[in-house]
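Have a look at the structure below before the remarks.
Bear in mind that the values in this text are calculations on the coordinates, not laboratory data. As the structure is a prediction and not an experimental result, all values here were calculated from the model. Cβ coordinates were reconstructed from backbone atoms using ideal geometry, including for glycine residues, and neighbour counts include every protein chain displayed.
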Amino acid sequence: MTSTPTSGGTTRTGGEPTDATSVAGPQPDAGPQPDAAAYLAGVMAEIDAEVARRRASGELPPALERELDELFLEFSPVGTRGSARLRETLALVDGAAYVDTAVPVASQKAAGAYVKRGIRKATGWYMNYVVHQVTRFAWSVSRMLHVLVDHVELLEQRVDGLRPPDVELSVVPVGSASGEWWDGIVVEALAGVRGRVVHGDCGDGALVEALVGAGVDAYGLDPHDDAAEAAAMRGLDTRGGTLLDHLEVVPDEALAAIVASGSVQWLSPSERDRFIALAASRLAPGGILCLHSASPIGWERTCPPVLADLAPGRPLHPETWEHLGARHGLRLRGVHRGGTDDRIVVGDGPALPEALEALLSVVNDRLLAPGEYLLVAERVQ
Amino acid sequence: MKLAFVTPRYGPGVIGGAETAARMLAERLARRPGWEVEVLTSCAADHLTWKNVEAEGVSSLNGVRVRRFPTSSPRLLAYFELDGRIRVAPAAASLEESRRWVALNGPMCPGLVDAVAGTDADVVAFYPYLFATTVDGLAVCPAPTVLHPAAHDEPALYLRAFRQSFSGTDGLVYHTRAERQLVESVFPVGSQPQIVLGLGVDEPNPPQRKGSEVLGLEGRPYLCYLGRVDEHKGCGMLAEFFATYKERHPSDLALALVGPLSGPAPGHPDIVATGTVAEPDKWDVLRGATAMVTPSAYESFSLVVLEAWTVGVPVVVNATCAATMEHCRRSGGGLWFDTYASFEAVVDRIVSDGGLARTLAEAGARYTDTYYRWPALIDRYAGFVERIAARGPKARLRPPRLANVEGGAAYVREH
């Protein structure tokens, strides 16, 4: 049984987020090279600054800009996807709220303009009356929308202030590319399951591959797009993304099993609750949840300091997961402990003093014992 | 392996991203040893009229067996009335109303649907999601199915009538990650087998003439747009932006709109609209451009962006288009605009900074070479189809066929 010393705080990614070179199989360079990305960001920042300068200097007439931007928005997918570009869309409403009764009277025919002007004049009293009411209604709606947008923005600002920041992928250390101590247990636990099995934080897809090899209909997700893409190039069904987000787009009872590893350990408390509820609802009756995590003590011992400090949540004891799962109909099947085992074993030599043995036992348990576990639970019928 | 594609229109004369993509895949797979590929399609060539123009029956095109079936009704004016009504809140439209929209969108092709129901193919691939042939075909298909949605963020995607198509298919093939995200935000299809594939780029034709010569621009620099010149593709907006740019920044810069015209060409002395051009001319025009602009917000892949990079030309894209933005962000090969002001600043910069244009184009070419070359793409697609075939068809609900909408005036193309 082997494990990497840092597996308590890692994903199964086989390379740094922007470095796919250590991943087995074809080596697509998924994103731009880091310098290309930085270059592009720099150029777009300069362009944004230039736009701001032109606006501030007045060389771009606001009326002209507004007219052209309305044209742009007319051909943009705004309005169908929620709050995107709220202010810009609101500007469209404002622009359309005024109804002009001065109908153009130009005509290609000589008498046409006179006739049109006559009609406009004759119907002016009627049109003005109707348009006045239409415009009042439009302005009332526009005013109400402004109030709503102000409220929405304030709420977003407050909610954003309460939200724990995401952990940057770059601070997540890289684990083993394949062959974790718990892989075999998962394959054994899922042998013969019928239906789709998802592995969250699948890294280079080693476990997905092992499951597929064992006849399991498995697919994987990894927050590092590059790692998922490299695995997909090998013919695996792997995709970029997090397990939590993915479970949102899976129908109820659609999965035969869920394997959760890596970032499940440092979900914030609210995300953790959401995860366990989603996992239970997406599992078919009899479906299996395999959850790999560092133990709280193992986390303290092996987690890199930056991740330990920035992570919004902390690993739980397996008993706590069992407790949370039970609330959603998940019944514990078993807990397997593993990871690096550095416990000091006293040989056949002379017996140690009792006090020293007790101390050694504490050190072994606290500092040197395996610091990871794999919890296996089943959704009850 | 016997693979059947179902697509509303098919043929080299059909201008349409999804239809072209289906043909690209079909022709390449047909050359694969042990693969037999057929296409089930309509006799129509124009998606706005669905007028039967091709001969009904079996023919062969570049190694692909093509079976054509006549459409049973032209597009009716009633489509536009219904479309206008439900596009404001498409998700709120009833199932019945949304199925009526699909039937009116067409093409209604009963013979094609019967053929799908009786197919002996190992896998049937439907392309794209939007049409009646896909909705009805998926519902009756006895074989495992693959859906290429070719979806973008348009009101129709939110119609209930498409739910069964997405949830009932055995596999999904996306053009981009952005398309996958979009589809998953609308339909709960995350657990279905799927790949993000995209399309491959052909080797460009060797240079024959200078692009400005093809366009009659006598050596002037130019921006170019490639594709259907259509208001919905943002071409009107681009022409307006460009005209304003020229007013504010007088120079000899021109704009070339290269592709079939859906309406009158913009009347501006610095804008050239070529209409459809021959393939060698297309590559010459693209190769000579200062930059290629795609103003459309509704693209599901945009092959022309990759083609531009292949010949060393940077691109400028609409920032609200998820697919082209994904290409630019992942490659570092293009700039984007989301207002007139940013369009102006981007064009200024790309026109005046040759080093920037070169750097962007090189980054785009690297990205294209890594992901979008045909042999590797076809291998991946073939592997995916084989896996779908091996899984067999899943049990699915089989909604009744769409009802043909009878009566009413037919739409007549003005141009």
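The Cβ shell under 14 Å around B:CYS235 holds other residues with a net charge of -3, Lys and Arg each +1, Asp and Glu each -1.
You can think of it this way: the chain between A:ASP160 and A:ALA326 has 56.6 nm of extra reach, that is 0.36 nm per residue less the Cα-Cα gap.
3J(HN,Hα) couplings calculated from phi for the range A:68-73 with the Karplus curve 6.51 cos²θ - 1.76 cosθ + 1.60 (θ = phi - 60°) are, in sequence order, 6, 5, 5, 5, 4, 5 Hz; Gly and Pro show x. Residues in the range A:325-338 carry Karplus couplings, in order, of x, 4, 5, 10, x, 9, 10, 5, 9, x, 10, 10, 9, x Hz; the curve used is 6.51 cos²θ - 1.76 cosθ + 1.60 with θ = phi - 60°, and Gly or Pro positions show x. In terms of surrounding Cβ atoms within a 10 Å radius of their Cβ, B:CYS328, A:CYS202 rank from fewest to most as B:CYS328, A:CYS202.
Legend: mean number of C-beta atoms from other chains within 10 angstrom of residue C-beta atoms, peptide B:325-333, equals 4. Amide hydrogen proximity for A:GLU372: with H placed 1.01 Å from N in the peptide plane, the residues at 5 or more positions away or on another chain lying under 5 Å are A:SER295, A:GLY338. At R0 = 56 Å, how high is the FRET efficiency between B:ASP348 and A:TRP139 if r is their beta carbon distance? Nearest 0.05 is fine. Efficiency computed from Cβ-Cβ geometry: 0.90.
Count Lys and Arg as plus one, Asp and Glu as minus one, and take only other residues whose Cβ is under 13 Å from that of B:THR310; the net charge is then -1. Relative contact order of chain B, taken over Cα pairs closer than 8 Å and 6 or more residues apart, is 16 percent.
Consider a paramagnetic label point 7 Å from the Cα of B:ALA117 along Cα→Cβ; state which residues of the range B:383-403 have an amide N under 18 Å from it. Inside the label zone: B:396-403. Computed over chain A, relative contact order equals 21 percent, with contacts defined as Cα pairs under 8 Å that lie 6+ residues apart.
For the pair B:GLU203 and B:ALA278 in one chain, pulling the backbone fully straight at 0.36 nm per residue adds 25.5 nm over the alpha carbon distance. Among B:VAL313, A:VAL159, A:VAL105, sorting on how many other beta-carbon atoms sit within 10 Å of each Cβ, with the fewest leading, yields A:VAL159, A:VAL105, B:VAL313. Phi angles of the range A:368-380 translate, via the Karplus equation with coefficients 6.51, -1.76, 1.60 and θ = phi - 60°, into HN-Hα couplings of 10, 6, x, x, 10, 8, 10, 9, 10, 10, 10, 7, 6 Hz per residue; Gly and Pro are given as x. Leaving out same-chain residues fewer than 8 places away, which lysines sit with a Cα under 19 Å from that of B:LYS2? The qualifying lysines are B:LYS394. Note on the protein assembly as shown: helix-only mean residue ellipticity at 222 nm, from DSSP H runs of 4+ residues weighted -39500 (n - 2.57) and normalised by residue number, equals -13500 deg cm²/dmol.
Taking every DSSP beta bridge that has both ends in the range A:177-379, the antiparallel portion is near 45%. Each of A:ARG55, A:ARG196 was scored by other Cβ atoms within 10 Å of its Cβ. Listed from fewest to most, they are A:ARG55, A:ARG196. How many percent of DSSP beta bridges within the protein assembly as shown run antiparallel, rounded to 5? Expressed as a percentage, antiparallel bridges in the protein assembly as shown total about 25.
Site pair B:ASP252 and B:ALA92 shows an inter-label distance of 5.6 nm when each label is modelled 7 Å from Cα along Cα→Cβ. Shielding by partners for peptide A:64-72, expressed as the average number of C-beta atoms from other protein chains within 10 Å of each residue's C-beta, is 6.
Just name one of A:LEU148, A:THR123, A:SER170: the one whose Cα is farthest towards the positive end of the charge dipole of the range A:97-175 (beta-carbon charges, Lys/Arg +1, Asp/Glu -1). The residue sitting most towards the positive pole is A:THR123.
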